[in-house]
Amino acid sequence: MSMLLSLFFIFFKIGVFTFGGGYAMIANIKEVIVEKKKWITEEEFMQIVTISESTPGPIAINMATFIGYKKKGVLGSALSTLGVVLPSFIIIFVISLFLEQFMNNQYVKYAFYGINAAVSFLILKAGINLFIKLEKKVLPILTFIIVCIILLVFEVLAINLSSIIFIVIGGLIGIVYYGVIQNKKKEGDVE
């Protein structure tokens with residue numbers, strides 16, 4: 001029972017203290033789940049990030065769901081998900097009661113300027129951590145560089161293209177390279 005409560009409260013705390021959405025939560029989830037609690041390995045974390053980004057729904061909720069399931073099955077999954085969602089629900093509900101007064105408060109506006117800067121840093125930190133853990137082989141690094149260049153060009157040219165397309169292309173490249181080309185090389189080595 002203590003593991004179930006831990007899952008709920010850890011994800012609740014992450015949900016309370018992380019602003020900026022799911023991507024901003026990645027670094028916090030990694031710090032707590034991988035580094036402090038050691039519930040999963042770095043490699044498992046990378047796989048969970050990949051799966052969470054590739055499946056429908058917000059990445060932080062998907063990550064909480066996968067980690068909870070890995071630790072305590074369906075109940076762990078449900079409690080982790082509830083833990084990460086509940087703080088946002090409570091905060092949004094309270095804000096909605098006082099929305100007009102809240103948004104007109106000058107100090108709230110100033111706070112959001114600072115929060116936006118902090119969120120940008122958290123997202124950048126998550127990206128750097130993911131890049132550092134990226135498999136140091138030609139294909140992953142080449143795919144990363146190509147996607148970064150394409151995204152930068154699209155941003156400069158104000159072309160709006162769904163990130164899903166990049167995920168699908170990356171998945172197809174991985175399937176072709178590792179599933180087809182590498183398997184053919186291994187079969188050639190065996191013969």
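The values are calculated or read from the model by the stated rules, or taken from the named source; none is laboratory data. Keep in mind it's a predicted model, so treat the numbers as computed, not measured. Here the Cβ positions follow ideal geometry from the backbone for every residue, glycine too, while neighbour counts run over all protein chains shown. What goes into the accessible areas is simple: the full protein's heavy atoms, side chains included, and nothing from ligands, DNA or RNA. Shrake-Rupley method; radii C 1.70, N 1.55, O 1.52, S 1.80 Å.
Listed residues L161, L152; which is surrounded by fewer than 13 Cβ atoms within 10 Å (Cβ to Cβ), in contact with a Phe, Trp or Tyr (Cβ under 9 Å, 6 or more places away or on another chain) and of a type in the set (A, V, I, L, M)?
L161
So, E100, is that one farther than 30 Å from F9 by Cα and open to solvent by 90 Å² or more (accessible area, probe 1.4 Å) or not?
Yes, satisfied.
Table: residues versus (1) open to solvent by less than 60 Å² (accessible area, probe 1.4 Å); (2) farther than 25 Å from E135 by Cβ.
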residue: G22; (1), (2): yes, no
residue: E43; (1), (2): no, no
residue: V49; (1), (2): yes, no
residue: S52; (1), (2): yes, no
residue: P58; (1), (2): no, yes
residue: M63; (1), (2): yes, no
residue: G73; (1), (2): yes, yes
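Got a sec? Which helices (runs of 4 or more DSSP H) wholly within segment 1-108 have at least 2 residues that are in contact with a helix residue (DSSP H, G or I) (Cβ under 9 Å, 6 or more places away or on another chain) and in contact (Cβ under 8 Å) with a residue 12 or more places away in the chain?
Filter on segment 1-108 gives 2-17, 22-29, 42-54, 59-97.
Against the condition hydrophobic (A, V, I, L, M, F, W, C) and surrounded by 12 or more Cβ atoms within 10 Å (Cβ to Cβ), how does V168 come out, does it pass?
Against the criterion (hydrophobic (A, V, I, L, M, F, W, C) and surrounded by 12 or more Cβ atoms within 10 Å (Cβ to Cβ)), V168 qualifies.
Keeping to segment 75-88, report how many residues are surrounded by fewer than 21 Cβ atoms within 10 Å (Cβ to Cβ) and either at pLDDT 90 or above or among the basic types (K, R) (or both).
7
If you check F17 against the conditions, is it surrounded by 14 or more Cβ atoms within 10 Å (Cβ to Cβ) and either on the phi > 0 side of the Ramachandran plot or not small (G, A, S) (or both)?
The answer is no for F17.
Kindly evaluate I141 against the criterion of being in contact (Cβ under 8 Å) with a residue 12 or more places away in the chain and over 21 Å from G22 (Cβ atoms).
Spelling it out, it is not the case that I141 is in contact (Cβ under 8 Å) with a residue 12 or more places away in the chain and over 21 Å from G22 (Cβ atoms).
Is it true that some residue in segment 117-131 is in contact with a helix residue (DSSP H, G or I) (Cβ under 8 Å, 6 or more places away or on another chain), free of Cβ contacts under 8 Å to residues at least 24 places away in the same chain and closer than 22 Å to T55 by Cα?
Looking for residues that are in contact with a helix residue (DSSP H, G or I) (Cβ under 8 Å, 6 or more places away or on another chain), free of Cβ contacts under 8 Å to residues at least 24 places away in the same chain and closer than 22 Å to T55 by Cα, one finds at least one in segment 117-131, hence yes.
I need the full set of residues from segment 131-143 which are open to solvent by less than 60 Å² (accessible area, probe 1.4 Å) and either farther than 18 Å from Q47 by Cα or among the polar types (S, T, N, Q) (or both), in order please.
Passing the criteria: only T143.
Of everything in segment 109-130, what is closer than 18 Å to M46 by Cα and open to solvent by 80 Å² or more (accessible area, probe 1.4 Å)? Give them in sequence order.
Across segment 109-130, the qualifying residues are L124, I128.
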